[in-house]
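Some notes on the structure that comes next.
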Amino acid sequence: MNQGKISVRYAKALFLLAKEKKSINSVNNDISFVFSLGKTISEFKLLLESPIINTSQKIKITEKIFKGQISELTHSFLNLVLKNKREMYLIDISRNFLDLVKKEKGIKTAFLTTAFSIGEEQSSEIKQIIEKHFKSKIEFNEQINDKIIGGFVLRIEDKQYDSSVSTKLKRIRTELVNTTFEKKFIQTV
């Protein structure tokens, strides 16, 4: 079974169980915490991926890490993942679970990439415009990438609007190359 399928199946199972137990919000907070640890604490990720540390040791260590910090439902789920030797997928499972919760709550994710920070006021205005357009709550993320030179790239789920200077320059270059090639080709014919 491939990695994506495993992650999605476990995430869906946890989501359905949390929904059934009416614990979506608490499990969402727990899984956000787990996801954050996996992304920011390299030692935690190494623990999960280590073939040297056996399952019982991993369970003991994770119990110490999460004691009093996560719900019993999430704790049981983590133990299940560890017992089934699927811990290397835990970060992906967490990401998939968080995506399912966003979908359930009607939240869309937007990424705005600019060459420099646009400021809180403009950021708030852009978020409001996107929410109005999509008639949905938006989780708004800003990224700075000086390689786009200017303008912006806005990605909302699977849609992207690229109004960056670097992309416009690439288009102009392509048009110039194609025009020059066409002229040379016509002259040789």
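In whole Hz, with x marking every Gly and Pro, tabulate ³J(HN,Hα) for the stretch 112-128 from phi via Karplus 6.51 cos²θ - 1.76 cosθ + 1.60, θ = phi - 60°.
Per residue, the Karplus-derived 3J(HN,Hα) values read 10, 10, 10, 6, 8, 5, 9, x, 5, 5, 5, 4, 5, 5, 4, 4, 5 Hz.
What's the angle, to the nearest 10 degrees (0 to 90), between helix 165-188's Cα axis and the longest principal axis of the chain?
On a 0 to 90 degree scale, this one is about 50.
Can you tell me, using C-alpha contacts under 8 Å and at least 6 residues apart, the relative contact order of the chain as a whole percent?
On the way: 184 pairs, mean separation 38.2, N = 189.
Rounded, it is 20 percent for the chain.
So how strong a dipole does the chain carry about its Cα centre when Lys and Arg Cβ are +1 and Asp and Glu Cβ are -1, to the nearest 20 debye?
580 debye
Round to the nearest 10 and give me the degree value, 0 to 90, for the angle of helix 55-66's Cα axis relative to the longest principal axis of the chain.
Helix 55-66 sits roughly 80 degrees off the main axis of the chain.
Cβ neighbours within 10 Å, averaged per peptide: list 55-65, 90-100 in order, most packed at the top.
90-100, 55-65
For the chain, what does the helix formula give at 222 nm: sum of -39500 (n - 2.57) over DSSP H segments with n ≥ 4, over the residue count, nearest 500 deg cm²/dmol?
Computed ellipticity for the chain at 222 nm equals -21000 deg cm²/dmol.
In whole Å, how far is the Cα centre of the stretch 42-69 from that of the stretch 108-134?
Between the Cα centres of the stretch 42-69 and the stretch 108-134 lies a distance of 38 Å.
By how many degrees, 0 to 90 and rounded to 10, does the Cα axis of helix 3-20 deviate from the longest principal axis of the chain?
60 degrees
Can you say what percent of the DSSP beta bridges in the stretch 48-186, counting only those with both residues inside, are antiparallel? Round to 5.
DSSP beta bridges in the stretch 48-186 are roughly 55 percent antiparallel.
All of the numbers you see were taken from the coordinates with simple rules; none came from a lab. Please read all numbers here as calculations on a predicted model, not as lab measurements. Methodologically, a virtual Cβ is constructed for each residue, glycine included, from the backbone with ideal geometry; neighbour enumeration extends over all protein chains shown.
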